[in-house]
1. For Glu277 and Glu23, what is the calculated FRET efficiency with R₀ set at 30 Å and r taken between the beta-carbons, to the nearest 0.05?
2. Calculate the all-directions average of the projected area of the stretch 182-270's alpha-carbon convex hull, and give it in nm².
3. I want the antiparallel fraction of DSSP beta bridges within the chain, as a percent rounded to 5.
4. Expressed as an acute angle from 0 to 90° and rounded to the nearest 10, what is the orientation of the C-alpha long axis of helix 272-283 relative to the principal long axis of the chain?
5. Got a sec? Which residues in the stretch 304-332 would a label at Lys184 touch, if it sits 7 Å along Cα→Cβ and we count backbone N under 19 Å?
6. R0 = 25 Å: FRET efficiency of Asp91 with Val291, Cβ-based, nearest 0.05?
7. For the chain, count the residues as N, evaluate 2.2 N^0.38 Å, and divide the Cα radius of gyration by that value, please.
8. Going by how many other beta carbons lie within 10 Å of each one, how would you line up Val243, Val5, Val30, fewest first?
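Every read-out reported here was derived from the displayed coordinates using simple, explicitly stated rules and does not represent laboratory data. Just so it is clear, the model here is predicted, and its values are computed rather than measured. Note: ideal-geometry Cβ built from the backbone for every residue, glycine included; neighbour counts use all protein chains shown.
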Amino acid sequence: MNILVTGGAGFIGSHCCVQLLDEGHDVTVVDNLSNSSIEAIYNIELITGKKINFFEIDLLDEEGMNNLFQSKKFDAVIHFAGSKSVSESVDFPLKYYFNNVYSSILLIRIMAKYDIKNLIFSSSATVYGEPSSVPINESFPIKGMNPYAISKIKVEEHLRGNFHEYPDWRIILLRYFNPIGAHKSGLLGDNPNDKPNNLMPFILKVASMEEEYLEVFGNDYETKDGTGVRDYIHVSDLSDAHVSSLNYLLSSDEKSGFCHALNIGTGRGYSVLEIIETFEKINNKNIPYKVVDRRPGDISQSFTDTELSQRMLKWSAKKDLNDMCKDSWKWKQSEMKRKKYES
Ligand code: NAD
Ligand code: UD1
């Protein structure tokens with residue numbers, strides 16, 4: 001099948017491309033490289049021994065996108081491209097409405113123009129805001145607590161609205177929990193161009209001695225040890241969930257179209273201290289930390305009910321926290337070696 005992957009040079013998209021190529025699909029990537037680099041594309045090709053059709057195009061460039069859709073007929077689109085920093089979205093909300101919402105509307109429009117009806121969209125567990133209980137299932141209320149979350153909710157709404165206009169579209173909205181880990185080769189990982197603010201990238205900075213210690217944001221939550229609890233999922237498992245979603249889109253016996261929202265996580269919650277402890281043990285590295293105030297906007301705990309994704313996609317996460325910590329550190333070490341070699 002011919003699959004268009006937007007944002008395919010990024011963290012999750014690049015891992016997904018590997019899996020799609022391994023499954024025998026023909027993969028076209030469109031990415032403006034605003035938060036990634038062309039190395040990711042070369043590394044996908046190195047890992048798989050297969051060729052990617054890469055186009056450095058901004059999704060906001062209507063003419064460029066039109067030319068692309070004119071040149072090739074796609075069977076499905078997996079839409080990862082967008083901006084993903086919550087703190088940046090608070091400072092620059094318009095950027096998020098433009099780069100996440102407007103770009104997605106343009107994509108939907110061009111798909112409609114060229115009669116492409118299968119779409120997987122990267123949504124986020126952030127759409128649930130502070131949940132009233134855990135585990136979180138797909139029927140929980142949606143609450144946008146910051147412009148990033150609102151941008152995801154808006155795209156979900158547009159896709160549902162679009163679905164009314166084009167009832168034969170097949171759409172899956174994947175609400176990811178907390179993706180971490182890296183490809184086992186050490187060649188692909190979370191490699192943002194800007195300063196990261198998520199937990200694992202920070203632990204990696206401490207492990208590599210770029211930072212002296214980790215700040216643990218609060219130990220007074222109502223959780224097992226007072227620190228925040230999240231559902232961390234290995235990026236390879238997350239990529240598998242996309243392949244399963246694609247199979248569902250392309251072969252489901254649901255007669256009419258559909259627009260399903262699915263939570264993608266492991267169903268297990270780990271605290272910040274548990275992550276530090278596991279990382280230290282599996283990698284034999286010391287991670288010094290200091291407990292500081294809670295981070296504004298943080299929720300206390302979040303993990304998913306996996307029932308719907310398991311039933312619908314016949315998919316479940318296979319990798320555990322040891323794998324996530326081990327592969328993250330392996331990637332960081334390879335990255336450090338590459339940087340040393342380049343300088
Ligand atoms: P990423 O930043 O690594 O990848 C996004 C890619 O999209 C980058 O390669 C970037 O260059 C590209 N891009 C951004 N704007 C573009 C545009 N206008 N035109 C073309 N390309 C553009 O992010 P990621 O972690 O791989 O996340 C992928 C998707 O999953 C995003 O939509 C993100 O919001 C969502 N998501 C991520 C997480 C997470 O923790 N990583 C959690 C939930 C949801
Ligand atoms: C953050 C975003 C969320 C987004 C998700 C995945 C915020 C408020 N939320 O969520 O919208 O969907 O990333 O990209 O930014 N922690 C520390 N020290 C650190 C970093 C994090 O203690 O230096 C703690 C946090 O308080 C939290 C846990 O680690 O309890 C995970 O944090 P993070 O990786 O940022 O993910 P989320 O908070 O789930």
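1. Efficiency for this residue pair is about 0.25.
2. Result: 9.1 nm².
3. 5 percent
4. Long axis of 272-283 versus the principal axis of the chain: about 80 degrees.
5. Answer for the stretch 304-332: 316-332.
6. Rounded to the nearest 0.05, the efficiency is 0.45.
7. Here the Cα radius of gyration is 0.96 times the empirical estimate.
8. Val243, Val30, Val5
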